[in-house]
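Below is one structure, written out as structure tokens; comments come after it.
The values are calculated or read from the model by the stated rules, or taken from the named source; none is laboratory data. As the structure is a computational prediction, the values presented were derived from the model and not from experiment. Note that each Cβ is placed from the backbone with ideal geometry, even for glycine, and that neighbours are counted across all protein chains shown. Protein only, heavy atoms only, side chains kept; ligands, DNA and RNA dropped before computing areas. Shrake-Rupley method; radii C 1.70, N 1.55, O 1.52, S 1.80 Å.
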Amino acid sequence: MTQIRSMAQPVQKRPGELGVHSLDQFNFQVADLAEAEKFYRTFGLDVKEENGSLGLYTFGHQHRWGSVSEGPRKKMQFVSFGAYEDDMPQFRERIDRMRVQRLDPPKGFESNGIWLRDPSGMLVEIRVAEKSSPNEKADVEPYGGKPSRQNAPNRSKAPRVYPRRLAHVLVFATDIPKTIAFYRDVLGLRLSDRSGDMIAFMHGIHGSDHHMIAFVKSDAPGLHHLSWDVPSINDIGLGASHMADKGFTKGWGLGRHVLGSNFFHYVRDPWGSYAEYSSDIDYVPVDYDWEAKDHPPEDSFYVWGPNPPEDFAFNHESVK
Ligand SMILES: [Fe+2]
């Protein structure tokens, strides 16, 4: 008889320390779900209609990385972090000891997780979930043409690109030092790197990419970008080209970041935020203490690539 194997990874846990292990899922609102469905399908995601909202999946993976709901205008709603079940009592105890207010779940998202607001006012949940963050550095497809053959396909035969997983989320934050302290002291994330009080990158303690969430300074909360992992730089180029062919021409890339080291191309979405194709991001193993550094912004934004659009860091959600 064939044995059905679980898709779950083996449990990987840093002993004696309390922290979430994954960015389990995100939710944001937009005014037109059909527009969102078209954008993310074209981007290469598996978009499913679920009770009047859209579930965002990647092909070949069971996890639902996030959802898009209908609302008056684009608005970041919440980020849920995954934790191990036996850590939940300690999280509750820590949160009560710190006198952080526990909230009711938002309507339609009833759960037995712990709901809080971060210093910018964004809703955050800690819930029991399987670890969806990688247990090791993601594979990068080796690249190199072979002799005696045409190694690139004709343009008409170029394959579609389908991201493998959500890599990270970057949100706006009103106070970077307070935000770092909240996610460190309440959720148990660690600072990977920062640029003064302008931008901060944080990772999980149980094995995580260089950042599962990052924060950029603004006067209001909001979603800046969702980043999706692809196996190679070639896939980044193929994805960006396909998006441009379908009318999604604005964005930033191809380039390479300094903090996280990932290769990137950002495609501007219909709401002025971005979907990022990302490859080869740095990884912090479960038993490694990453030394956080403060980098001058002009020396740490990107190693190479075109100049970013002038409004790249504009928070469209702060417009009243
Ligand atoms: Fe990113």
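Descriptive notes on the structure:
- Subset of region 31-48 (residues that are within 18 Å of the chain's Cα centre (by Cα) and buried (at least 16 other Cβ atoms within 10 Å of the Cβ)): 36, 39, 40, 43, 44, 45, 46, 47
- Count - residues of region 247-279 that are in contact with a helix residue (DSSP H, G or I) (Cβ under 8 Å, 6 or more places away or on another chain), among the aliphatic types (A, V, I, L, M) and either within 19 Å of residue 193 (Cα to Cα) or within 11 Å of the ligand (Cβ to nearest atom) (or both): 2
- Looking only at residues of region 36-67 that are in a helix (DSSP H, G or I) and touching a helix residue (DSSP H, G or I) at 6+ places or on another chain (Cβ under 7 Å), we find that the one that is farthest from residue 125 (Cα to Cα) is 42.
- Region 213-231, subset of a type outside the set (D, E, K, R) and within 11 Å of the ligand (Cβ to nearest atom), residue surrounded by the fewest Cβ atoms within 10 Å (Cβ to Cβ): 216
- Of the residues making up region 61-73, one or more are under 17 Å from the mean Cα position of the chain (by Cα), hydrophobic (A, V, I, L, M, F, W, C) and open to solvent by less than 10 Å² (accessible area, probe 1.4 Å).
- Scoring residue 19 on the criteria (1) surrounded by fewer than 16 Cβ atoms within 10 Å (Cβ to Cβ); (2) modelled with pLDDT of 95 or more; (3) farther than 26 Å from residue 68 by Cβ leaves a single failure, condition (1).
- Residues that are crowded, with 23+ Cβ neighbours inside 10 Å and assigned to a strand (DSSP E or B) within region 195-212 comprise 200, 201, 202, 203, 208, 209, listed in sequence order.
- Residue match in region 245-261 (condition: at positive phi and within 14 Å of the chain's Cα centre (by Cα)): yes
- Residue in region 278-288 that is open to solvent by 60 Å² or more (accessible area, probe 1.4 Å), β-branched (Val, Ile, Thr) and touching a Lys or Arg at 6+ places or on another chain (Cβ under 6 Å) present: no
- Positions within region 159-188 being more than 16 Å from the ligand (Cβ to nearest atom) and assigned to a loop (DSSP other than H, G, I, E, B), in sequence order: 159, 160, 161, 162, 174, 175, 186, 187, 188
- Filter pass, residue 176 being hydrophobic (A, V, I, L, M, F, W, C), more than 17 Å from the chain's Cα centre (by Cα) and more than 16 Å from residue 234 (Cα to Cα): yes
- Residue 291 surrounded by fewer than 20 Cβ atoms within 10 Å (Cβ to Cβ) and in a helix (DSSP H, G or I): no
- Any hit, region 162-173, residues being in contact with a Gly (Cβ under 6 Å, 6 or more places away or on another chain), open to solvent by 10 Å² or more (accessible area, probe 1.4 Å), over 22 Å from residue 315 (Cα atoms) and at pLDDT 95 or above: yes
- Scoring residue 57 on the criteria (1) in contact (Cβ under 8 Å) with a residue 24 or more places away in the chain; (2) under 14 Å from the mean Cα position of the chain (by Cα) leaves a single failure, condition (1).
- Of all residues in region 240-277 being charged (D, E, K, R) and outside any helix (DSSP H, G or I), the one that is surrounded by the fewest Cβ atoms within 10 Å (Cβ to Cβ): 246
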